[in-house]
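The values are calculated or read from the model by the stated rules, or taken from the named source; none is laboratory data. What you see is a predicted model; the values in this text were computed from it and never measured. Cβ placement follows ideal geometry from the backbone for every residue including glycine, while neighbour counts extend to all protein chains displayed.
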Amino acid sequence: MAITGAAGLLAAWEAGLAAPPAGRALLLHRTARPDLDDRTLPELPVGEREADLFALRRTLFGERMQVRMDCAECGADMEFELDAGEFARTPGERPDPAVRVEHGGWRVEFRLPAVADLTAAARTPDPRAALLARCLVTAEHDGRAVTAADLPAAVQRRIAEAAEAADPAADVTLNVACPECGRATRAELDIASYLWTELDAWARDLLLDVHLLATAYGWSEPEILALSPLRRRYYLELCADV
């Protein structure tokens with residue numbers, strides 16, 4: 001995975017400040033996959049994007065992720081660690097986008113939802129039905145072609161289970177036992193939001209460093225950003241000693 005330097009990350013952060021969550025997720029994915037263009041990225045399976053973002057997080061900020069959440073039962077604050085590497089797919093590894101389900105006399109073929117499918121379905125009154133209709137390739141009942149609207153609830157559940165099995169990274173769900181009351185709390189981990197929060201904090205800290213060093217030495221922003229993090233920290237320590 002080719003990662004841009006500090007200047008490129010700052011540019012991505014600046015562009016994302018006024019963007020909605022979906023726009024920020026695209027910016028992060030573009031940073032993670034500079035080998036793909038903006039038309040291709042939204043067409044990737046959701047799990048592939050999530051795995052790419054976990055890989056980006058591991059490269060930028062390390063393996064260990066600090067996660068905080070409230071217990072759904074007693075409201076206690078829970079904090080624990082995750083390993084980003086557990087969710088980062090090996091480069092080049094992609095799930096098979098075609099999935100087939102057979103249940104009784106029903107035969108269904110569908111493709112794994114892509115980011116563009118989720119975005120489009122979210123704009124409809126019934127996102128779940130819209131997503132199924134978008135991703136359905138073929139459906140038959142006793143040899144007769146049917147539409148997504150004809151699929152019974154049992155078949156739809158089988159489709160959802162098959163999609164989760166084929167692309168488990170698409171939905172990272174945590175199940176954490178509360179140390180206070182012992183009750184388990186389930187919550188989805190939104191890696192795009194998590195990573196954006198970290199990038200935002202990093203960018204603001206870096207801009208403060210630029211301000212301090214520019215004030216002390218008269219260097220330009222590109223000159224300061226060209227320094228390694230270790231050398232920037234050393235110069236900042238020297239400034240503090242003056």
Is one or more of the residues making up the range 184-200 farther than 21 Å from Arg64 by Cβ, of a type in the set (Gly, Ala, Ser) and assigned to a helix (DSSP H, G or I)? no
In the range 160-189, how many are in contact (Cβ under 8 Å) with a residue 60 or more places away in the chain and either out of contact with any strand residue (DSSP E or B) (no Cβ under 9 Å at 6 or more places or on another chain) or among the aliphatic types (A, V, I, L, M) (or both)? 12
Does the range 37-52 contain any residue that is assigned to a helix (DSSP H, G or I), touching a residue at least 40 places away in the same chain (Cβ under 8 Å), under 16 Å from the mean Cα position of the chain (by Cα) and farther than 30 Å from Ala163 by Cβ? no
Looking only at residues that are loosely packed, with under 14 Cβ neighbours inside 10 Å and among the basic types (Lys, Arg) in the range 200-239, which one is nearest to Arg57 (Cα to Cα)? Arg204
Can Glu140 be described as touching a residue at least 24 places away in the same chain (Cβ under 8 Å), closer than 27 Å to Glu81 by Cα and either touching a strand residue (DSSP E or B) at 6+ places or on another chain (Cβ under 6 Å) or in the same structural domain as Leu17 (by TED's automatic domain parsing) (or both)? no
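Residue-wise test of (1) of a type in the set (Val, Ile, Thr); (2) within 22 Å of Cys178 (Cα to Cα); (3) out of contact with any Asp or Glu (no Cβ under 8 Å at 6 or more places or on another chain).
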| site | (1), (2), (3) |
| --- | --- |
| Gly16 | no, no, yes |
| Gly23 | no, no, yes |
| Val46 | yes, no, no |
| Phe80 | no, yes, yes |
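Per-residue answers, yes or no, for (1) touching a strand residue (DSSP E or B) at 6+ places or on another chain (Cβ under 8 Å); (2) of a type outside the set (S, T, N, Q); (3) at pLDDT 90 or above:
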{"residue": "Thr4", "(1), (2), (3)": "no, no, no"}
{"residue": "Arg39", "(1), (2), (3)": "no, yes, yes"}
{"residue": "Gly62", "(1), (2), (3)": "no, yes, yes"}
{"residue": "Gly75", "(1), (2), (3)": "no, yes, no"}
{"residue": "Glu93", "(1), (2), (3)": "no, yes, no"}
Restricting to the range 135-192, give me the number of residues that are within 30 Å of Ala25 (Cβ to Cβ) and among the acidic types (Asp, Glu). 6
Please state which of the following conditions Leu28 fails to meet, knowing it meets all the rest: (1) part of a strand (DSSP E or B); (2) within 12 Å of the chain's Cα centre (by Cα). (1)
Mind listing just one residue for me: the one in the range 6-37 that is out of contact with any helix residue (DSSP H, G or I) (no Cβ under 7 Å at 6 or more places or on another chain) and not hydrophobic (A, V, I, L, M, F, W, C) and, of those, nearest to Leu199 (Cα to Cα)? Glu14
